[in-house]
Amino acid sequence: MLQDARIRAITVQAALLAGVAALGYVLLTATARNLELRGIPLGFGFLWRPANFQIAETILPYSSSDPNWWAAVVGLSNSIFISVLVILLASVIGLFIGIGRLSSNPLVSGLCRVWVEVARNTPLVVLLIFNYALWWEVLPLATEAWKLAPGTHISVRGLSMPALTWSASALAPAAFLATSVAVLLSASYAARRRHIETGFRPAYVRAAWVLIAVGAGIFLFAYRDAASLDIPEFRRANFAGGWSLTPELTTILIGLTFYTAGFIGEIVRGGILAVRKGQWEAATALGLSRGQTYRFVVVPLALRSIVPPLNSQYINVVKNSTLAIVVGYQDFMTVVSTMINKTSHAIEGVAIILGVFLAVNLALSALLNAYNRRIAIVER
Amino acid sequence: MKRATQFAAAAAMVLIGAGSANAQSITDKVRQRGYVSCGASQGVPGLSRPDDKGVWTGFDVDSCRAVAAAFFGDSQKAQFVPLNAAQRIPAVQTGEVDVLARTTTWTYTRDVAVRFVAINLVDGDAIMLRKSLNVGAAADLDGLTICLQGGGSLVENALDLIEQQNQVKVERVYFDSTILARDAYFGGRCDGYMSDGFAIAGQRAAVAGNPDEHAIFQSGATTEPLALAIPRGDDRWFDIVRYAFNAMVWAEDRGITSKNVDEIAASATDGETRKALGVEPGIGEPLKLDDKWIYNVIKQVGNYGEVFARNLGEESPLKAERRLNALPRDGGILFPIPFK
């Protein structure tokens, strides 16, 4: 029987499984015993009790009497907000840095190289703290704020600008926007069909734009009293009212984007260099300009080698967003840590942090893998 | 095959060993390690902060050094772990630090997670503001921006209370370290910087470019008992920490200082003092400590009044008043427990 390869393989697998299970059991029971010895109770009941702490800047509505689970969701929304913005910005900037590094213009390639080297060889925390300190080293006090435009000021307190307030129902502008988009899409679809049928492209899209512009004029006239400008005013120590961008949010956005764009730039450069010379030559032979060559030939081909490493950069952005608190922006990690401090449920809190980051990153990864499959070479 | 068996045996021993090592008492663990691991702040002048030579000094630091002096007979056998507000309680729960001496308010929720031993300072919240803002009452705080350490400190609650009681709205910027909050305030990001009263006084005295530009506003919204904390589960360690601290208070009550302790030990006639200072044997026995342990605390660290004066009071840049942190005969609430 020992000679039977199949039985032997099953035995080895079973022994391995038993070993892992035994190790898990020992760890779990030891943890439970130690927790009991130290008098640390376990349970998730605290999530439904009021949080009793405030969060300075939130995307979703929040007050300190909301339950802990909602505070965690609000914190998560802050984290996802910065992660999404940084991923979008860093991807666009990274693309240009990658292309720029290959430029024959020494100034452009040199500048891109400096960016990449600074971003890749500086610890992110140092970069963020430096970036944050720049606010008060460079910008004036609120009392001497620089005026950029009427009602728009920048100072150590951040950027403060007029906000558009809408007193009528939000449904009207939403409906107008949706209609405009629908008109544009159907015009473009109809134009493409005519193009295929007759070889001639009618100016439907231009007509649609004119229609929308006329519609917008009528719309604005009909609702002329609903919209008003909320202009910030200086009161005692700072500007109040209007719309403002805080130094904390700006710093984490700029800092993390700068850092990530450096890495993405290198990935893009590698991807472009991986495109065979023959493709470039073929594009030149077809008479494509340099911009067209990049747009229609090189970038689509390079994407195949760019997307997989990009995946891990995006995951790094989500993980690095936990450094936001260093510059005073409260993210998911900070909110749950505060919860841990207030309720002493450290094990559960850390489990929540681990679980949520795992879920977010697995989802992000799945999304990019799906995209990767779409752009991969279709083998027939 | 033999190697595999040996490996399995070694792995099993490591696992079992890890299990039993965790069951060891704190007292044994500290004795074996050779020093007391103290939880400290990230750098608050007067309370706990490394000086320019890297030596930790401050009132909280001395509270922990007293434990080292009592336990090892050497106040230098203490090492300090800087912790932020969110890290400190888990650090005690997991036994990473043996004593937490870091302006931690004694609260019910925390006390059922760790063990509070003794109140070493009574403090209240305070806000440092630029004098040009003329804040004289809590109502004047309306619309101002305050920088402070977040993460669930009691000071945050004090700010909530000020808002509710005075119908004002304050904007906050939270940081994970009180140091960055302070720097952001000095940089002009905020109108005020909020922390505990003694900590604020320390930052103004030691860090502000020109201390006269900054006023300190004490709302009186909260009275905070700041206390020493230890992990749960070791009554012997609890006794040692409690009485090491009490030795300092007791010494002040008896007029014993680090300077006159030798003289008093030689000339004392009353039984309690003679026994406490180790002239007569027996004081160390119940705690399994040296009979000179109280003497060591007083000689090496000083009495409560000396420690306060050196770090927070008249001999320090803070020049803080003792207020409630004095003996009852001086109008305070510090009670010495008799060494009888």
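Return the residues of segment A:352-378 that are within 15 Å of A:Leu310 (Cα to Cα) and of a type in the set (Lys, Arg); say none if nothing qualifies.
Pass one, segment A:352-378, residues within 15 Å of A:Leu310 (Cα to Cα): A:361-373, A:375-376.
Across segment A:352-378, the qualifying residue is only A:Arg373.
May I ask you to list the residues in segment A:12-45 that are modelled with pLDDT of 90 or more and either facing another protein chain (nearest Cβ under 7 Å) or under 30 Å from B:Arg172 (Cβ atoms) (or both)?
Matches in segment A:12-45: A:Val26 only.
Just to check your reading of the model, which residue among A:Ser91, A:Ser104 is open to solvent by 80 Å² or more (accessible area, probe 1.4 Å) and either closer than 30 Å to B:Asp111 by Cβ or not acidic (Asp, Glu) (or both)? Walk me through it before giving the result.
Working: A:Ser91 fails: open to solvent by 80 Å² or more (accessible area, probe 1.4 Å).
So the residue among A:Ser91, A:Ser104 that is open to solvent by 80 Å² or more (accessible area, probe 1.4 Å) and either closer than 30 Å to B:Asp111 by Cβ or not acidic (Asp, Glu) (or both) is A:Ser104.
Report those strands (runs of 3 or more DSSP E) wholly inside segment B:116-214 carrying at least 2 residues which are in contact (Cβ under 8 Å) with a residue 40 or more places away in the chain.
Working: elements: B:125-130, B:145-149, B:171-175, B:192-196.
Qualifying strands (runs of 3 or more DSSP E): B:125-130, B:145-149, B:192-196.
Quick one: in segment A:64-77, of everything that is open to solvent by less than 50 Å² (accessible area, probe 1.4 Å) and within 12 Å of another protein chain (Cβ to nearest Cβ), which residue is farthest from B:Leu161 (Cα to Cα)?
Within segment A:64-77, the first condition is being open to solvent by less than 50 Å² (accessible area, probe 1.4 Å), and the residues that meet it are A:64, A:66-68, A:71-72, A:74-77.
Cutting the leftovers down to within 12 Å of another protein chain (Cβ to nearest Cβ) gives us A:64, A:68, A:71, A:75.
Details: A:Ser64: 12, A:Asn68: 20, A:Ala71: 20, A:Gly75: 23 Å.
Ranking the candidates gives A:Gly75 first.
Just to verify a result, which residue in segment A:187-229, among those that are open to solvent by 100 Å² or more (accessible area, probe 1.4 Å) and among the β-branched types (Val, Ile, Thr), is farthest from A:Ala172 (Cα to Cα)?
That would be A:Ile196.
Which count do you get for residues in segment A:118-152 that are away from chain B (no Cβ under 14 Å) and surrounded by 12 or more Cβ atoms within 10 Å (Cβ to Cβ)?
9
Which residues, taken from segment B:222-267, are over 22 Å from B:Val61 (Cβ atoms), of a type outside the set (S, T, N, Q) and outside any helix (DSSP H, G or I)?
Kept after step one, since they are over 22 Å from B:Val61 (Cβ atoms), are these residues of segment B:222-267: B:222-223, B:232-236, B:253-255, B:260, B:262-267.
Next cut, of a type outside the set (S, T, N, Q) only: B:232-236, B:253-255, B:262-266.
Scanning segment B:222-267 gives B:Arg232, B:Gly233, B:Asp234, B:Gly255.
Return the residues of segment B:97-114 that are more than 9 Å from chain A (Cβ to nearest Cβ) and touching a helix residue (DSSP H, G or I) at 6+ places or on another chain (Cβ under 8 Å); say none if nothing qualifies.
Restricting attention to segment B:97-114, the residues satisfying the condition of being more than 9 Å from chain A (Cβ to nearest Cβ) are B:97-108, B:111.
Scanning segment B:97-114 gives B:Val97, B:Asp98, B:Val99, B:Leu100, B:Ala101, B:Arg102, B:Thr103, B:Thr104, B:Thr105, B:Thr107.
For A:Asn311, all conditions in the list (1) polar (S, T, N, Q); (2) more than 13 Å from A:Ser83 (Cβ to Cβ); (3) within 14 Å of chain B (Cβ to nearest Cβ) hold save one; what is the number of the exception?
(3)
If I ask for residues that are among the acidic types (Asp, Glu) and crowded, with 22+ Cβ neighbours inside 10 Å, which ones from segment A:230-287 would you list? Let's see the steps before the verdict.
The first filter runs over segment A:230-287 and keeps only residues among the acidic types (Asp, Glu), leaving A:230, A:233, A:248, A:266, A:281.
Within segment A:230-287, A:Glu248 is the sole residue that qualifies.
The values are calculated or read from the model by the stated rules, or taken from the named source; none is laboratory data. Since this is a predicted model, take the numbers as computed values, not measurements. Backbone-built Cβ (ideal geometry, glycine too); neighbour counts: all protein chains shown. When the accessible area is computed, the model is the full protein with side chains, heavy atoms only, and any ligands, DNA or RNA have been set aside. Shrake-Rupley method; radii C 1.70, N 1.55, O 1.52, S 1.80 Å.
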